[in-house]
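First up is the structure itself, then whatever we jot down about it.
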Amino acid sequence: MTAIAALLSSSIVQTVLVGAAILGAISGMLGAFAVLRRQSLLGDALSHAALPGVCLGFLIAGGRDLGSVMAGAFATGALAALIMMLIVRRTTLKTDAALGIVLSVFFAVGIVLLTVIQSEGGSGSLGLMTFLFGQAAAILRSDLWIMGGIGLAALMLVLALWKEFKLVSFDADFARAQGFPVTVLEAGLTVMVALAIVVGLQLVGVVLMVALLIAPAAAARQWTNSLGGMVLLSALIGAASGAGGALVSATTRGLATGPVVVLIATGIVVVSLLVAPGRGLLWQAAATRQARARISDGRVLATLQGFARMHDDAGYPSERGMLQVALGAKPPAARLASLESRGLIRSVMHPPETTPHWELTTAGHTEAAALSGQPGDTAKGGTE
Amino acid sequence: MMRDDTLHEPDQALHVEDLTVTYGANPVLWDIDLDVPPGVMCAIVGPNGAGKSTLIKAALGLVRPVAGHVRFLGRPIGQMRGQIGYVPQRHSVDWDFPTTARDVVEMGLYRHLGWLRRPGKAEHARALAALAEVGMQDYADRQISQLSGGQQQRVFIARALVQDAPILILDEPMAGVDASTEAIIIALLKKLRDAGRTIIVVHHDLTTVQSYFDWLVMLNVRIIAQGPVSETYSADNLRAAYGRHLAMIAVPAEEPAP
Ligand SMILES: Nc1ncnc2c1ncn2[C@@H]1O[C@H](COP(=O)(O)OP(=O)(O)O)[C@@H](O)[C@H]1O
Ligand SMILES: [Mg+2]
């Protein structure tokens with residue numbers, strides 16, 4: 001514990017933590033819009049396309065200067081986005097193919113440039129490698145101002161244009177029909193995503209950057225039903241993943257930050273997908289189990305009798321799928337087996353179908369008639 | 001540029017002239033001339049891919065035509081924004097978007113609110129009133145993903161209603177909704193028509209054209225026929241619009257009762 005306290009009081013570690021949290025928050029906030037607008041893959045292409053720009057910025061500035069590296073990353077990212085747009089408009093290739101081509105070509109150019117710079121050696125050229133997988137420890141105190149400034153600007157813009165961004169993300173056609181400058185608004189959102197990528201590069205690296213964009217938003221969506229809640233939560237999850245990843249990688253020699261950040265964010269996604277109230281898989285499984293537990297013997301019998309009456313056939317064979325629809329959940333096999341052993345229903349085959357069917361026995365019809373009128377035991381109950 | 005204040009065909013709610021739209025090289029709409037007078041309830045019918053949605057989008061300025069012009073009450077669309085309620089096809093949006101029914105309806109007021117202002121009490125009240133008009137007042141705070149298809153459609157209609165626009169354009173509002181929702185929607189549209197609004201509906205069910213509408217446009221890339229339903233709903237026109245498929249569409253095969 002005291003070791004951690006000592007670590008946290010170090011000003012270098014503080015800088016790294018604050019920087020990582022800011023970067024994570026920006027990515028989380030803008031990633032929420034990117035995910036809702038189905039632009040996750042564009043984010044992946046943009047971040048890979050930033051690598052040649054990082055190298056060019058390094059070459060021009062003659063060193064690892066954050067400003068010029070970011071400008072270079074932004075420039076090649078924008079060029080890649082433009083080329084993708086042209087490919088989609090001018091050729092028969094679809095968006096995913098255009099994304100794949102542009103992503104790999106730009107990344108290849110970036111790797112070549114990176115190798116050339118390294119073979120020429122020179123001070124700090126090793127630092128460039130950190131842009132592949134990210135290195136939070138490389139964040140300087142002076143970088144915080146740039147990151148904070150960009151974060152604040154993005155926040156102000158999102159707040160000022162909140163309802164316009166919401167409308168464009170939900171229904172761009174309607175927004176255009178209302179006379180909103182949809183192209184400008186969409187371009188604004190895309191440029192901000194590109195900015196988030198550019199500033200996030202040195203934390204997570206070009207290869208894994210897209211995860212910091214998508215994962216916090218995907219996790220946040222599970223827990224909230226409002227756009228405001230989703231954007232806020234996504235920013236918080238992004239900040240927590242960034243800071244957590246920075247802390248772990250700073251205390252482990254040689255461990256890149258990006259993979260740790262991504263693992264933390266993905267862990268939050270997995271937990272959210274499983275347990276979030278309402279949308280989580282475990283939650284839904286529990287709800288299904290409760291629905292099944294509520295299916296009483298009487299309801300099964302009444303439903304079978306209902307089907308028999310509907311078809312005017314006392315021995316009408318009902319398929320399990322039909323029972324499931326009428327009862328609102330699959331009747332438990334044990335319940336059916338117990339009804340069968342009591343001689344109330346009979347399992348039958350109904351060729352050519354190979355699925356199990358059930359029909360009421362005479363005793364079953366008597367029992368169902370005796371039970372009918374009992375509250376809650378109607379055939380139609382439980383569908384909603 | 002000076003604003004052009006001369007009106008062109010101001011007696012028509014919608015006036016379309018020489019309109020041609022292409023996607024790539026293929027014309028999707030070819031030389032469309034169309035007039036819809038004010039105060040009618042107009043159906044636009046035609047087979048799948050006839051260009052019905054494209055016609056609406058071109059009229060609203062959402063796709064750029066290669067030729068022709070469009071006027072609403074004599075004015076170009078740029079001067080009529082906010083006076084036309086638009087209900088897009090329901091499947092054009094992602095209903096898992098994190099928002100509520102009332103929030104969607106308030107989107108119809110964003111333009112009227114202007115930049116930087118957020119919806120307040122007045123907007124909440126107007127949205128609730130619009131939801132009540134489509135019988136959805138009890139679902140105002142419901143997540144839109146938890147609504148049925150028919151309920152989602154009614155929320156979309158409420159979003160157009162809340163603008164109080166004199167012209168309403170709806171793209172297949174009856175597609176995939178149950179019979180009771182369809183009855184609610186039609187009763188509402190007829191009420192609005194009787195109050196003097198112009199209602200233009202892309203409609204897919206030929207069997208109900210005569211009972212629902214008083215004006216008809218038949219489209220299949222070109223205009224096949226247009227005018228009062230009583231004059232245009234004829235076997236010849238239907239055959240021209242739907243070709244060989246007509247038998248399938250107009251006289252649905254009797255299904256054996258279950
Ligand atoms: N964005 C698009 N790009 C290319 N083709 C399109 C696009 N939208 C529609 N089309 C084509 O234009 C034709 C008309 O489409 P649409 O107006 O949606 O028809 P409808 O609404 O009558 O079913 C169809 O053949 C469709 O495939
Ligand atoms: Mg259509």
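The values are calculated or read from the model by the stated rules, or taken from the named source; none is laboratory data. If you're wondering where the values come from, they're calculated on a predicted model, not measured in any experiment. Methodologically, a virtual Cβ is constructed for each residue, glycine included, from the backbone with ideal geometry; neighbour enumeration extends over all protein chains shown.
Filtering segment B:25-43 down to residues that are away from chain A (no Cβ under 14 Å) and either among the small types (Gly, Ala, Ser) or closer than 10 Å to B:Ile223 by Cα (or both), which residue is farthest from ligand 1 (Cβ to nearest atom)? Show your work before the answer.
We begin by selecting, within segment B:25-43, every residue away from chain A (no Cβ under 14 Å); these are B:27-43.
Pick out the ones that are also either among the small types (Gly, Ala, Ser) or closer than 10 Å to B:Ile223 by Cα (or both) and you get B:29-34, B:39, B:43.
On the way: B:Leu29: 8, B:Trp30: 12, B:Asp31: 15, B:Ile32: 12, B:Asp33: 18, B:Leu34: 14, B:Gly39: 25, B:Ala43: 13 Å.
Among those that are away from chain A (no Cβ under 14 Å) and either among the small types (Gly, Ala, Ser) or closer than 10 Å to B:Ile223 by Cα (or both), it is B:Gly39.
B:Tyr86 falls short on exactly one of the conditions (1) within 16 Å of ligand 2 (Cβ to nearest atom); (2) more than 15 Å from B:Pro166 (Cβ to Cβ), and that condition is (2).
Might you let me know whether segment B:191-199 holds any residue that is in a strand (DSSP E or B), more than 16 Å from ligand 2 (Cβ to nearest atom), in contact (Cβ under 8 Å) with a residue 24 or more places away in the chain and not hydrophobic (A, V, I, L, M, F, W, C)? Steps first, answer last, please.
In the first step, residues of segment B:191-199 are kept if they are in a strand (DSSP E or B); the result is B:198-199.
Keeping just the survivors that are more than 16 Å from ligand 2 (Cβ to nearest atom) gives B:198-199.
Remaining after also requiring in contact (Cβ under 8 Å) with a residue 24 or more places away in the chain: B:198-199.
Next cut, not hydrophobic (A, V, I, L, M, F, W, C) only: B:198.
Yes, some residue in segment B:191-199 is in a strand (DSSP E or B), more than 16 Å from ligand 2 (Cβ to nearest atom), in contact (Cβ under 8 Å) with a residue 24 or more places away in the chain and not hydrophobic (A, V, I, L, M, F, W, C).
Could you check, for segment A:93-115, whether at least one of its residues is surrounded by fewer than 16 Cβ atoms within 10 Å (Cβ to Cβ) and either assigned to a loop (DSSP other than H, G, I, E, B) or within 14 Å of chain B (Cβ to nearest Cβ) (or both)? Within segment A:93-115, one or more residues are surrounded by fewer than 16 Cβ atoms within 10 Å (Cβ to Cβ) and either assigned to a loop (DSSP other than H, G, I, E, B) or within 14 Å of chain B (Cβ to nearest Cβ) (or both).
Restricting attention to segment B:85-100 and to residues that are more than 7 Å from every other protein chain (Cβ to nearest Cβ) and surrounded by 17 or more Cβ atoms within 10 Å (Cβ to Cβ), the residue that is farthest from the chain's Cα centre (by Cα) turns out to be B:Thr100. The set of residues in segment A:329-339 being assigned to a helix (DSSP H, G or I) and either within 35 Å of the chain's Cα centre (by Cα) or of a type in the set (D, E, K, R) (or both) consists of A:Arg335 alone.
Residues in segment B:136-149 that are assigned to a helix (DSSP H, G or I) and either without any contact (Cβ under 8 Å) to a residue 40 or more places away in the chain or of a type outside the set (Ser, Thr, Tyr) (or both): B:Gln137, B:Asp138, B:Tyr139, B:Ile144, B:Gln146, B:Gly149.
Take the conditions (1) within 16 Å of ligand 2 (Cβ to nearest atom); (2) surrounded by 23 or more Cβ atoms within 10 Å (Cβ to Cβ); (3) more than 13 Å from chain A (Cβ to nearest Cβ); B:Phe156 misses just one of them, which is (3).
Every residue, every condition in (1) within 16 Å of ligand 2 (Cβ to nearest atom); (2) modelled with pLDDT of 95 or more; (3) not hydrophobic (A, V, I, L, M, F, W, C), yes or no:
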| position | (1), (2), (3) |
| --- | --- |
| B:Val36 | no, yes, no |
| B:Ile44 | yes, yes, no |
| B:Asn48 | yes, no, yes |
| B:Val66 | no, no, no |
| B:Phe72 | no, yes, no |
| B:Arg81 | no, no, yes |
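Can you confirm whether B:Asp171 is of a type outside the set (Ser, Thr, Tyr), touching a helix residue (DSSP H, G or I) at 6+ places or on another chain (Cβ under 6 Å), within 16 Å of ligand 1 (Cβ to nearest atom) and within 14 Å of another protein chain (Cβ to nearest Cβ)? So B:Asp171 passes the test. Of the residues making up segment A:222-238, those that are touching a Ser or Thr at 6+ places or on another chain (Cβ under 9 Å) and surrounded by fewer than 24 Cβ atoms within 10 Å (Cβ to Cβ) are A:Gln222, A:Trp223, A:Asn225, A:Ser226, A:Leu227, A:Leu232, A:Leu233. All of A:Leu212, A:Leu152, A:Leu159, A:Leu185 fail the test of being crowded, with 20+ Cβ neighbours inside 10 Å and in the same structural domain as A:Gly53 (by TED's automatic domain parsing), apart from A:Leu212.
Can you tell me which of B:Asp33, B:Asp103 is acidic (Asp, Glu) and over 30 Å from A:Asn225 (Cβ atoms)?
On inspection, the qualifying residue turns out to be B:Asp33.
Go through A:Leu17, A:Leu103 for me and flag whichever is aliphatic (A, V, I, L, M), touching a His at 6+ places or on another chain (Cβ under 6 Å), assigned by TED's automatic domain parsing to the domain that holds A:Val231 and within 25 Å of A:Ala215 (Cα to Cα).
Numbers: A:Leu17 fails: touching a His at 6+ places or on another chain (Cβ under 6 Å).
Within the list A:Leu17, A:Leu103, the selection yields A:Leu103.
The test for being surrounded by 24 or more Cβ atoms within 10 Å (Cβ to Cβ) and either at pLDDT below 95 or within 14 Å of chain B (Cβ to nearest Cβ) (or both) holds for A:Ala196.
The condition of being surrounded by fewer than 24 Cβ atoms within 10 Å (Cβ to Cβ), within 14 Å of chain B (Cβ to nearest Cβ) and outside any loop (DSSP other than H, G, I, E, B) does not hold for A:Asp143.
Only residues that are surrounded by fewer than 21 Cβ atoms within 10 Å (Cβ to Cβ) and away from chain B (no Cβ under 14 Å) were counted across segment A:22-50, and they come to 1. Cβ-Cβ contacts under 9 Å between residues 6 or more apart (or on different chains), taken from a first residue in segment B:41-61 that is free of Cβ contacts under 8 Å to residues at least 12 places away in the same chain to a second residue that is near ligand 1 (Cβ under 7 Å from one of its atoms), are listed as B:Gly49/B:Val28. For segment A:157-180, the criterion of being away from chain B (no Cβ under 14 Å) and touching a residue at least 24 places away in the same chain (Cβ under 8 Å) is satisfied by no residue at all.
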